[in-house]
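Colleague: My questions all concern the structure below.
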Amino acid sequence: MWGGRFGSGPAAIMQEINASIGTDKRMWREDLDGSRAHADMLAAQGIIEPADRDAILDGLDRIEREWAEGGLVEDLALEDIHMHAEARLKELVGTPAGRLHTARSRNDQVATDFRLWTRRACDEAGAGLAALQQALLDRAEEHAGSIMPGFTHLQSAQPVTLGHHLMAYVEMLRRDRSRVADCRRRLNECPLGSAALAGTGFPVDREMTARALGFDAPTRNSLDAVSDRDFALEFAQAALTAGLHLSRLAEEIVIWASQPYRFVDLPDSFSTGSSIMPQKRNPDAAELVRAQPGTYLGAVTLLATMMKGLPLAYAKDLQQDKEPVFKVFDTLQLALAAMTGMVRELGFRTERMRKVAAAGHSTATDLADWLVREASVPFREAHHITGRAVALADEKDCTLSDLPLDELKAIDGRIDAGVFDVLSVDKSVASRSSFGGTAPDQVRARIAEAREELKAESGGQCPGDIA
C-alpha cells in the first residue's frame, strides 16, 4: 500500500495502533456499495474500461457472498476495511482491482462509508423509537380514563390519567424521532469524489455516484467533505437526548414497582430475582436503561474532544470516530427493544393508583378554581382559603371531599354544596379539558392524532412492523 516511499514496514506496535479493522469491519457492506458505485462511474466516464468494471463488480459480489457467509479474516497489516476489500479483490480478479482506487482516496472513501452506515443507523433508530411510541399509545388508549396521582417534586399534586402520563413519553419520543430524522437529512450528501482533500483531476461524475448511493447530492467542498464528522456527533447527541427520555421512563417504572408505590407488576420476562432473597423481583432491565445515558454522554464527549481544534483536512484522529458511534447505536437499539417490551407487558394496578390519587388532597387546586369561578374570589385569596381547608382535612385525617359542608362554610361562607362537584378525582380529571390536558376525551384525541402521524411517517405501516 505504501508503494516506494518507505524502505521497511511499520513496527509491530505502530501496526497495532494504526490498524482500525477491528472496528471499521462493521462497515464492509457500505464499503462494497461505495466501490460498486465508484466503479460504475469510472467506466461511464471512460476512466476505466467496461471490462475492468465488470471484473471489479463480479469480484465485489464474490467478496460480499464470502463475508456474509463466513466473515472476513482480519489482518493488521491491511489496516482497515478498505484495504481488506482491495486486497481480496486483487486476489480474485487481478489487475483490474488496481484500477478501482483511481480518482478516490481512503479519506473520501471512509467518509462515504461512515455516512452510509450512520444513515442506516438513523433509519433503524427511528423505527425503534416509533415502535416504542406505538407500545405507549396502545397502553395509553387502554388507560385513557384510568386515574393516577400526578406529581411535582414527587409529591402528590393533581390527579391525572395514566393515559395522559404515558402520552407525555410519546411526545418526548416524537421529538427524538425528529432529531434523528434531521440528522439523517443533513448527513445525506456524498463525499465520494473529494479524493484526499482537494478533489481530483479525473473527469468524475459525482452526481452519478451520489444518486447511486441514495444521497441527495454530492458534498460541495472537498476539504470539508473528508474531515467533517458533524453527523457522527449529531447522531450521538440525538441518542443522548433519547437516552435521557428512556432513563426517565425507566426510573418511573423502578419507582412504580417498589413496594411503597405498588403501581405496577413487573413482567417476568424483564425482571430478575435475588440469589439470597427469594421474594425479590428486581427491575434490572429498567435499571440498566436508566444508567445508559453515561454511554451516550461519553460518546458525545469523545467526539467533541476529538474534533476540537482539528485543522483541515483529514487527520488520523478521525479514526477514533466510529467506535463510540457504533456503541451508541447498539446501546440505543437494545434500550428501545427492552423498553418496548416492558411497556407492552407491564401490569398496571389501576385501583392502587386511583386510591393514591385520592389521597394527599390532590383536588385542592379544584377547590381554589371553584372559588374563583363560582364565587368570584381572587385566585390568591382562593389559594389561602383552600390552604385552610387542607389544614382542616389534615387535622381530621380525611380528604377534602369528606369535609362536611358546614365546616367548609365556616372557613368561607361563599362555599356551597356545588363545591362537591369538583372535589372528586373523577370530576377533577374530567374538568382538565384544555387542549393537551388530562381529561380522557383530550387524551383520546391526542392518541388518535399521534397514531395518524406515526402511520403517515411510516408509509402506512405499523411501526412495530418496521422496527
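The values are calculated or read from the model by the stated rules, or taken from the named source; none is laboratory data. Since the model is a prediction, treat every value here as computed from it, not as a measurement. Positions of Cβ are backbone-derived with ideal geometry, glycine not excepted, and every protein chain shown enters the neighbour counts. Accessible surface is based on the protein model in full, side chains and every heavy atom, while ligands, DNA and RNA are left aside. Shrake-Rupley method; radii C 1.70, N 1.55, O 1.52, S 1.80 Å.
Colleague: Give me the accessible area per residue for segment 79-178, probe 1.4 Å, as a whole number in Å².
Modeller: Here the residues of segment 79-178 average 32 Å² of exposed surface.
Colleague: How big is the charge dipole of the chain about its Cα centre, in debye rounded to the nearest 20, if each Lys and Arg gets +1 on its Cβ and each Asp and Glu gets -1 on its Cβ?
Modeller: With only Lys, Arg, Asp and Glu charged at Cβ, the dipole is about 460 debye.
Colleague: Rounded to a whole number of µm²/s, how large is the Stokes-Einstein D of segment 360-423 at 10 °C and 1.306 mPa s, given Rh as the Kirkwood radius over C-alpha pairs?
Modeller: My calculation gives 140 µm²/s for D.
Colleague: On the protein heavy atoms, probe 1.4 angstrom, tell me the percent of accessible surface of segment 360-423 carried by carbon and sulfur.
Modeller: In segment 360-423, the share of accessible area belonging to carbon and sulfur is 50 percent.
Colleague: So, one more: Could you order the peptides 177-185, 134-142 from most to least packed, using the average number of other C-beta atoms within 10 Å per residue?
Modeller: My ranking of the peptides, most packed first, is 134-142, 177-185.
Colleague: Please state the relative contact order of segment 360-423 as a whole percent: Cα pairs under 8 Å, 6+ residues apart?
Modeller: Over segment 360-423, the number comes to 41 percent.
Colleague: Given the Cα-Cα distance of Arg373 and Gln155 and 0.36 nm per residue of separation, how much length would full extension add, in nm?
Modeller: Gain on extension, Arg373 to Gln155, equals 75.9 nm.
Colleague: Assuming R0 = 35 Å, what is the FRET efficiency of Leu405 and Asn282, from their Cβ-Cβ distance, to the nearest 0.05?
Modeller: Calculated transfer efficiency: 0.10.
Colleague: May I ask you to order 107-114, 122-129 by the average number of other C-beta atoms within 10 Å around their residues, highest value first?
Modeller: Top to bottom by mean Cβ count within 10 Å: 107-114, 122-129.
Colleague: Using only C-alpha atoms and all pairs of different ones, pull out the Kirkwood radius for segment 251-349 in Å with one decimal.
Modeller: Result for segment 251-349 stands at 16.0 Å.
Colleague: Now for a different question. Kirkwood-based Rg over Rh for segment 10-157 (C-alpha set), two decimals?
Modeller: 1.27
Colleague: 222 nm [θ] for the chain, helices only, -39500 (n - 2.57) per DSSP H run of 4+, per residue, to 500?
Modeller: Result for the chain, helices only: -20000 deg cm²/dmol.
Colleague: Compute the length gained on full extension between Asp75 and Ala337: take 0.36 nm times their separation in residues and subtract their Cα-Cα distance, giving the result in nm to one decimal.
Modeller: 90.9 nm
Colleague: A further question follows. Taking segment 160-221 on its own, what percent of its Cα-Cα pair distances exceed 19 Å?
Modeller: Percentage above 19 Å: 53.
Colleague: Just to confirm, what accessible area per residue do you get for segment 360-423 at 1.4 Å probe, in whole Å²?
Modeller: 52
Colleague: Defining a contact as two alpha carbons under 8 Å apart and six or more residues distant in sequence, what relative contact order in percent does the chain show?
Modeller: So the answer I get is 18 percent.
Colleague: Determine the distance separating the Cα centre of segment 374-425 from the Cα centre of segment 329-356; give it in Å without decimals.
Modeller: About 38 Å separates the Cα centre of segment 374-425 from the one of segment 329-356.
Colleague: Restricting to lysine pairs 8 or more places apart or on different chains, what number in the chain have Cα atoms under 18 Å apart?
Modeller: Close lysine pairs under the 18 Å cut-off: 7.
Colleague: Got a sec? Charge dipole of the chain, +1 on Cβ for Lys and Arg, -1 for Asp and Glu; which of Ala382, Gln45, Leu129 is way out at the positive end?
Modeller: Ala382
Colleague: So if I place +1 on the C-beta of Lys and Arg and -1 on the C-beta of Asp and Glu, and nothing else carries charge, what would the dipole magnitude of segment 15-102 be about its Cα centre? I want it in debye, nearest 20.
Modeller: Charge dipole, segment 15-102, about its Cα centre: 140 debye, nearest 20.
Colleague: Test of the criteria: in segment 190-251, which trypsin sites (Lys or Arg not before Pro) are in a DSSP loop and have at most 13 other Cβ atoms within 10 angstrom of their Cβ?
Modeller: Listed in order of number, the matching sites are Arg220.
Colleague: Beyond 42 Å, what share of the Cα-Cα pairs of the chain remains, rounded to the nearest whole percent?
Modeller: Value for the chain (Cα pairs over 42 Å): 38 percent.
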